[in-house]
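To keep things clear, I will list the structure first and then write my remarks on it.
The values are calculated or read from the model by the stated rules, or taken from the named source; none is laboratory data. Quick caveat: nothing in here was measured; it's all calculated off a predicted structure. A quick note on method: Cβ atoms are made from the backbone with ideal geometry, for glycine too, and the neighbour counts reach across all protein chains shown. Ligands, DNA and RNA are stripped out before the accessible areas are found, and what is left, the full protein with its side chains, is counted by its heavy atoms. Shrake-Rupley method; radii C 1.70, N 1.55, O 1.52, S 1.80 Å.
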Amino acid sequence: EDAAAIMRCDPIPQDTGYWEDLARSPKQRTMMDRFTVYFQPKTDMRTGELIGAEALVRGLDQDGDIVPPGRFIEEMERDGSIRELDFGVLEQTLSFMEQWREKGYPLPPVSINISRLTLFGPTTPASMLALLSRHPDISPSLLRLEITETAGNVESATLNGIMENFRAYGLEFSLD
């Protein structure tokens, strides 16, 4: 029911509290000061070899405690700030990958969730290219854009057309 409501952009009743107030408050801190990115390893179950990672965003409350995405993603999709979060996660991920590269670590492919609102934004490809250009030593082919399940109700021809725009720049897709 929540997923269907998100697709329709209907309001979803939820508790209001610190996190919701912070998400709507004037920017006293930058957007990404309220979030952190964790990397969940992806391993080959047969060999145990690291084959990739997924960048997972978590919110941070006023005490620095972790806030699960269910407490902020829906609100951010409704108010449009999800786009800023998606690009912030991409920037942090690229920065981490740059640090790994500088330390001589092999770079695994990294998956990043992207909301349907960001995916269908007309300036999204240009914004992603701008972020990628800040990290020229990180190949776009190492990024996997995971389309969240809320994009699942979009007509496949429309979704394929959008994905082709990104694939032209070397970006890959998967369904979350």
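Looking at the stretch 104-121, is at least one residue open to solvent by 30 Å² or more (accessible area, probe 1.4 Å), farther than 30 Å from residue 44 by Cα and of a type outside the set (A, V, I, L, M)?
Yes, the stretch 104-121 has at least one match.
Against the condition open to solvent by less than 70 Å² (accessible area, probe 1.4 Å) and in contact with a Cys (Cβ under 8 Å, 6 or more places away or on another chain), how does residue 91 come out, does it pass?
Criteria not met by residue 91.
Looking for something out of contact with any Asp or Glu (no Cβ under 9 Å at 6 or more places or on another chain), surrounded by 13 or more Cβ atoms within 10 Å (Cβ to Cβ) and modelled with pLDDT under 90 - is there at least one such residue anywhere in the stretch 52-66?
Checked against the condition, which is being out of contact with any Asp or Glu (no Cβ under 9 Å at 6 or more places or on another chain), surrounded by 13 or more Cβ atoms within 10 Å (Cβ to Cβ) and modelled with pLDDT under 90, the stretch 52-66 yields at least one hit.
Within the stretch 29-46, is there a residue that is more than 19 Å from residue 141 (Cα to Cα), crowded, with 16+ Cβ neighbours inside 10 Å, modelled with pLDDT under 90 and of a type outside the set (A, V, I, L, M, F, W, C)?
Scanning the stretch 29-46, I find at least one residue that is more than 19 Å from residue 141 (Cα to Cα), crowded, with 16+ Cβ neighbours inside 10 Å, modelled with pLDDT under 90 and of a type outside the set (A, V, I, L, M, F, W, C), so the answer is yes.
Residue by residue through the stretch 49-64, note down the ones that are in contact with a strand residue (DSSP E or B) (Cβ under 9 Å, 6 or more places away or on another chain) and among the charged types (D, E, K, R).
Within the stretch 49-64, 49, 54, 58, 61 qualify.
When only residues in the stretch 93-149 that are of a type in the set (Asp, Glu) and under 22 Å from residue 74 (Cα atoms) count, which is farthest from the chain's Cα centre (by Cα)?
So the residue we want is 149.
With the condition kept exactly as written, say whether any residue in the stretch 69-87 is within 18 Å of residue 41 (Cα to Cα), under 17 Å from the mean Cα position of the chain (by Cα) and open to solvent by 60 Å² or more (accessible area, probe 1.4 Å).
No, because not a single residue in the stretch 69-87 is within 18 Å of residue 41 (Cα to Cα), under 17 Å from the mean Cα position of the chain (by Cα) and open to solvent by 60 Å² or more (accessible area, probe 1.4 Å).
Of the residues that make up the stretch 129-147, is at least one among the β-branched types (Val, Ile, Thr), within 22 Å of residue 34 (Cβ to Cβ) and open to solvent by less than 20 Å² (accessible area, probe 1.4 Å)?
No, the conditions are met nowhere in the stretch 129-147.
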